[in-house]
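The values are calculated or read from the model by the stated rules, or taken from the named source; none is laboratory data. The structure presented is a predicted model; accordingly, all values stated were derived computationally and were not measured. When we count neighbours, we look across all protein chains shown, and the Cβ atoms used for this are built from the backbone with ideal geometry, even at glycine.
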Amino acid sequence: MTDAEKQNLVELLDSLVMAAVPKSNKVAKYGGTLYTLKPEEKEGQFCGVFPYKAHVQLSFAQGTSLDDPDGLLEGGGKFRRHLTYKILDDVDAKVVKRFVKAASKLGAK
C-alpha cells in the first residue's frame, strides 16, 4: 500500500464519519484521528481512523455493543472492534455510516 493510497483511504473514511455524524469533533491521538461528541470526556470517543503499514483501520471504542449481523467487525479485545481496509474499493459507505451512527449513539450516552 502506497502512502497516497493510505491517505486516500484515511480521507474517505474521515469524510464518511463526518457525513454520518456532522457534529463530531476530531482529536489527533495514537497516530490517527479519534472522533467524539464530547471532546472533554474520553468516554465520548466513539470511533477512530488509524493508518498502519499495510491497511487503514476504522476502530470502534464500544464495538462489542454494535449490531453486526453480517460479522463484519474484527478483533478480539474486551470492547473494541474494527473494520480493516486495504483498498478504496473495499469501503462500503453504507456499512461505514451505519456503524459510525450506531457507535456515536453509544458514545453519546
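General remarks:
- Among the residues of the range 13-42, those that are part of a loop (DSSP other than H, G, I, E, B) and within 18 Å of LYS101 (Cα to Cα) comprise VAL21, PRO22, LYS23, SER24, LEU37, LYS38, PRO39.
- Among the candidates GLY44, GLY32, the residue that is touching a Pro at 6+ places or on another chain (Cβ under 9 Å), within 21 Å of ALA19 (Cα to Cα) and of a type outside the set (D, E, K, R) is uniquely GLY32.
- Enumeration of residues in the range 29-43 that are touching a residue at least 60 places away in the same chain (Cβ under 8 Å) and either more than 13 Å from the chain's Cα centre (by Cα) or closer than 16 Å to ASN8 by Cβ (or both): LEU37, LYS38, GLU43
- Residues satisfying the stated conditions in the range 53-64, i.e. closer than 21 Å to MET18 by Cα and outside any strand (DSSP E or B): HIS55, ALA61, GLN62, GLY63
- Comparison of PHE46, PHE60, PHE50, PHE99 shows that the only residue that is surrounded by 16 or more Cβ atoms within 10 Å (Cβ to Cβ), closer than 13 Å to LYS6 by Cα and within 14 Å of the chain's Cα centre (by Cα) is PHE50.
- Complete set of residues in the range 65-96 that are surrounded by 15 or more Cβ atoms within 10 Å (Cβ to Cβ), in a loop (DSSP other than H, G, I, E, B) and in contact with a Ser or Thr (Cβ under 7 Å, 6 or more places away or on another chain): ARG80
- Test result for LYS94, in contact (Cβ under 8 Å) with a residue 12 or more places away in the chain, out of contact with any strand residue (DSSP E or B) (no Cβ under 7 Å at 6 or more places or on another chain) and of a type outside the set (Gly, Ala, Ser): no
- Subset of the range 16-28 that is free of Cβ contacts under 8 Å to residues at least 24 places away in the same chain and surrounded by 12 or more Cβ atoms within 10 Å (Cβ to Cβ) - its residue that is farthest from HIS82 (Cα to Cα): ASN25
- VAL10 vs. criteria modelled with pLDDT of 95 or more, surrounded by 17 or more Cβ atoms within 10 Å (Cβ to Cβ) and either of a type in the set (A, V, I, L, M, F, W, C) or part of a helix (DSSP H, G or I) (or both): yes
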